[in-house]
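> Sharing a structure here in structure tokens format.
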Amino acid sequence: MAPDAGPRYTGNPDYAHDSPARLGVLVVNLGTPDAATPSAVRRYLKQFLSDPRVIEMPRLMRWLLVRAILLIRPRRSAHAYKKVWRDDGSPLLYYSRRQVEALWSAIGGRCPGPVSVVLGMRYGNPSIPDALAAMRRENVRRLLVLPLYPQYSATTTASAFDAIAGVFERTRWLPELRFVNNYHDHDGYIRALANSIREHWQANGRGEMLLMSFHGLPERYLHAGDPYHCECRKTARLIAEKLDLKNDEYRVTFQSRVGAEEWLKPYTADTVATLAREGVKTLDVICPGFSADCLETLEEITMQNADIFRANGGTALRYVPALNDRADHIRFLADLAMQHMQGWPETSPGWSKHKVLAQGERAKLLATKLGAEK
């Protein structure tokens, strides 16, 4: 038997000991197929559904289920993606890139030291490993991970951590790490959502009912201790309070159910149909759990659920866009990032470029001396 070669750690071949350290913010979102084609969607779904955080069941059962789903789902999903696909690609990727660009400008203007803001998708591209590799090349020594999931769930936030940990377990020199778990009840986030709803009402008139639709989860995840359901409910309550809504003026529902098992209720599609049958003619819908518009908002809500609403007697289902790169949303995210980066040198008014350069020169001289002594 060959001897164990031991762990193989990823280094940085371009590293120089006089490289100045940099602060980094890794912005994470779920991900998207590379194209609106069955083959691209199949690759994406295989990666997504094979994640044990997403489908919690024994490996063999999950493998059989994913295999069955991949026989039918890619073609159907590709058809849905084509309905919302932009000339420049996926809506989620488009808005995520705009968010990162705006966030880099906002944070960079407030950090005395150098900072990198990079996008990494949990599934698909640009991937989290590629994003971390880019940051390693820039010598990011302090890293804040900012998942754009307002409400925590093991299926999203924890899964992002798993992907990062998978890279770091092969990384030689780990950066100092901080991680944002959630922001479902931060006032800046709630205020931005309330502002977007008010602006929608000012432009289109106020509907008879406001529906707040969150992505669903299997109900058993709630009973296993996942806080997602409770955090969604709190977000909705705080939005209602900010808008002075009475209990009978809004509903909270859960969308995107897959499979036969029970998911978080009430279901969005069922509620939309019921409201229409009860006589509601104009329904405003917002999806507070989605930081950027994507298939679930642009196709599932504005097309599928709008059709359901009209088929049951409703007149107009009006979607309130996700926060995307709204100025108040970016300002909040920058505030959140700065809050979590407190105490790091690059955020301190005392940070000095000249001091950093001097440290780099000392490191370079030491490296030269060590090389000469070999």
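> Just give me the residues in the range 56-66 being open to solvent by 20 Å² or more (accessible area, probe 1.4 Å) and either in contact with a helix residue (DSSP H, G or I) (Cβ under 9 Å, 6 or more places away or on another chain) or assigned to a loop (DSSP other than H, G, I, E, B) (or both), in sequence order.
The answer is E56, M57, P58, R62, L65.
> Looking at the range 293-311 only, could you name the residues that are touching a Leu at 6+ places or on another chain (Cβ under 8 Å) and over 21 Å from A203 (Cα atoms)?
Residues satisfying the conditions are C294, L295, N305, F309, R310.
> Counting only residues that are among the polar types (S, T, N, Q), give me the helices (runs of 4 or more DSSP H) lying completely in the range 161-259 with at least 1 of them.
187-204, 228-242
> Separate question: Assess whether C287 counts as being of a type in the set (A, V, I, L, M, F, W, C), crowded, with 22+ Cβ neighbours inside 10 Å and farther than 22 Å from R206 by Cα.
Criteria not met by C287.
> Out of the residues in the range 158-172 that are touching a residue at least 12 places away in the same chain (Cβ under 8 Å) and open to solvent by 90 Å² or more (accessible area, probe 1.4 Å), state the one that is nearest to L26 (Cα to Cα).
Among those residues, the one meeting the criterion is F161.
> Please determine whether any residue of the range 274-284 is within 25 Å of the chain's Cα centre (by Cα) and open to solvent by 20 Å² or more (accessible area, probe 1.4 Å).
no
> If you go through the range 40-52 one residue at a time, do you hit one that is closer than 25 Å to L143 by Cβ and of a type in the set (S, T, N, Q)?
Yes, the range 40-52 contains a residue that is closer than 25 Å to L143 by Cβ and of a type in the set (S, T, N, Q).
> Okay, moving on. Give the range 309-339 a look and list any residue that's surrounded by fewer than 19 Cβ atoms within 10 Å (Cβ to Cβ) and assigned to a helix (DSSP H, G or I), or say none.
R310, A311, A327, D328, R331, D335, L336, M338, Q339
> Out of A306, A322, A311, report the one residue that is at pLDDT 95 or above, closer than 25 Å to R257 by Cβ, in contact with an Asp or Glu (Cβ under 9 Å, 6 or more places away or on another chain) and aliphatic (A, V, I, L, M).
Only one candidate passes the filter, namely A322.
> How many residues, within the range 4-43, are at pLDDT 95 or above and assigned to a strand (DSSP E or B)?
Number of matching residues: 10.
> Can you confirm whether A292 is modelled with pLDDT of 95 or more, assigned to a helix (DSSP H, G or I) and either in contact with a Lys or Arg (Cβ under 9 Å, 6 or more places away or on another chain) or among the aliphatic types (A, V, I, L, M) (or both)?
The answer is no for A292.
> Another question about this same structure. Of all residues in the range 172-190, count the ones that are over 19 Å from A292 (Cα atoms) and either among the basic types (K, R) or touching a Leu at 6+ places or on another chain (Cβ under 8 Å) (or both).
6
> Which of the numbered conditions does Q47 fail, given that it passes all the others? Conditions: (1) open to solvent by 80 Å² or more (accessible area, probe 1.4 Å); (2) more than 30 Å from P175 (Cα to Cα); (3) modelled with pLDDT of 95 or more.
Against the list (1) open to solvent by 80 Å² or more (accessible area, probe 1.4 Å); (2) more than 30 Å from P175 (Cα to Cα); (3) modelled with pLDDT of 95 or more, Q47 comes up short only on (2).
> Name the single residue that is most open to solvent (accessible area, probe 1.4 Å) among those in the range 98-149 being of a type in the set (S, T, N, Q) and in a helix (DSSP H, G or I).
S105
> Does the range 237-260 hold any residues that are under 24 Å from R191 (Cα atoms) and within 19 Å of the chain's Cα centre (by Cα), and which are they?
Passing the criteria: F254, Q255.
> A further question on this structure: When the range 214-242 is examined, which residues are found to be in contact with a helix residue (DSSP H, G or I) (Cβ under 6 Å, 6 or more places away or on another chain) and surrounded by fewer than 18 Cβ atoms within 10 Å (Cβ to Cβ)?
L222, K242, listed by residue number.
The values are calculated or read from the model by the stated rules, or taken from the named source; none is laboratory data. Worth saying up front: this structure is predicted, and the values here are computed from it rather than measured. Using ideal geometry, Cβ is built from the backbone for each residue, glycine included, and neighbour counts are taken over all protein chains shown. The protein model used for the area step is the full one, side chains on, heavy atoms only, and it has no ligands, DNA or RNA in it. Shrake-Rupley method; radii C 1.70, N 1.55, O 1.52, S 1.80 Å.
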